[in-house]
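Enquirer: Mind looking over this structure? Questions follow.
The values are calculated or read from the model by the stated rules, or taken from the named source; none is laboratory data. Not measured: the values here are computed from a predicted model. Glycine also receives a Cβ, built like all others from the backbone with ideal geometry; neighbour counts cover every protein chain displayed.
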Amino acid sequence: MGFLILTVVVVLLLVKLSHWQWTRGEQKAQHLAQFEANQAPESLSGTVQKGQYLAIDGQFRPEFAVWLDNQTHQGRVGYRLFLPFVPSQQSSQWWLVELGWIAAPALRRLPAVPALASRYQLSGFIDTPSKRVVLKKETASHKWPARVQRIDLQALKAQLTTLNTQWLIRTKTLVDLSAPSQDALAQAGITPVWQPVVMPPEKHYGYALQWALMALAVSIGAGIWWYKTKQREAV
């Protein structure tokens, strides 16, 4: 009887895990569908919200570069580059913009900051900084460029007083208005890597199937054991 109760508990747990993964997959699929539908860029006016797609022009401040450490892409170690951006229509407020990934040089040196000194048209999505666990609390630094373990807008505002501390922008495209036919990110050696979801729905569905198959296997194994036990008792 104890074995039967344990089997039922394990099967129920596996079924619950399968259902949870399937639900997460459906949530991610819905989020991606909304993301794909939101492809008409808006101007920076009034209030903004997470996921909003913007198209704005202005200038970067490369001298205040922020390098997010420990970022990998296709098996290579590097950094994600964030730069303050000053929109033409709201020059009194700066926005922190994630441009993309750059490979790390040897000996843990920081890469050279791309010379993005022209006027650009930026399209990207409004987002909040990702929550990352850091092993050691960072202390404020007045050195630029800055190397950080996580993006903390409040901490950056202590040095960049005009910085928006609620939102940042994840770049989708960047056009140099002095040379609009060129891909400004590619010209600067920057690889866009941000995705609206970290794990795609297909992975969640795959995990859900794995948990469901494990529940089925345990049920079948328990059934075979029970059947053989009853046969031995009947002999």
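Enquirer: Which residue, of Lys203, Lys143, is farther than 30 Å from Leu12 by Cβ and modelled with pLDDT under 85? Step through it out loud before you land on a result.
Expert: On the way: Lys203 fails: farther than 30 Å from Leu12 by Cβ.
After applying the criteria, what remains is Lys143.
Enquirer: Name the one entry in Leu185, Leu213 that is closer than 30 Å to Leu6 by Cβ and within 31 Å of the chain's Cα centre (by Cα).
Expert: Being closer than 30 Å to Leu6 by Cβ and within 31 Å of the chain's Cα centre (by Cα) holds for just one of Leu185, Leu213, which is Leu213.
Enquirer: Still on this structure, I have one more. Do we have Val175 as at pLDDT 85 or above and closer than 18 Å to Leu99 by Cβ here?
Expert: Details: at pLDDT 85 or above: yes; closer than 18 Å to Leu99 by Cβ: yes.
Yes; evaluated as a whole, the condition is true for this residue.
Enquirer: Still on this structure, please answer the following. Only one of (1) exposed (fewer than 13 other Cβ atoms within 10 Å of the Cβ); (2) within 30 Å of Phe125 (Cα to Cα); (3) at pLDDT below 85 is not met by Met1, so which one is it?
Expert: Against the list (1) exposed (fewer than 13 other Cβ atoms within 10 Å of the Cβ); (2) within 30 Å of Phe125 (Cα to Cα); (3) at pLDDT below 85, Met1 comes up short only on (2).
Enquirer: For residues in the stretch 92-119 being without any contact (Cβ under 8 Å) to a residue 12 or more places away in the chain and either in contact with a helix residue (DSSP H, G or I) (Cβ under 6 Å, 6 or more places away or on another chain) or among the small types (Gly, Ala, Ser) (or both), which is surrounded by the most Cβ atoms within 10 Å (Cβ to Cβ)?
Expert: Among residues in the stretch 92-119 that are without any contact (Cβ under 8 Å) to a residue 12 or more places away in the chain and either in contact with a helix residue (DSSP H, G or I) (Cβ under 6 Å, 6 or more places away or on another chain) or among the small types (Gly, Ala, Ser) (or both), the one surrounded by the most Cβ atoms within 10 Å (Cβ to Cβ) is Ala112.
Enquirer: Looking at Ala112, is it modelled with pLDDT of 90 or more and not in a strand (DSSP E or B)?
Expert: yes
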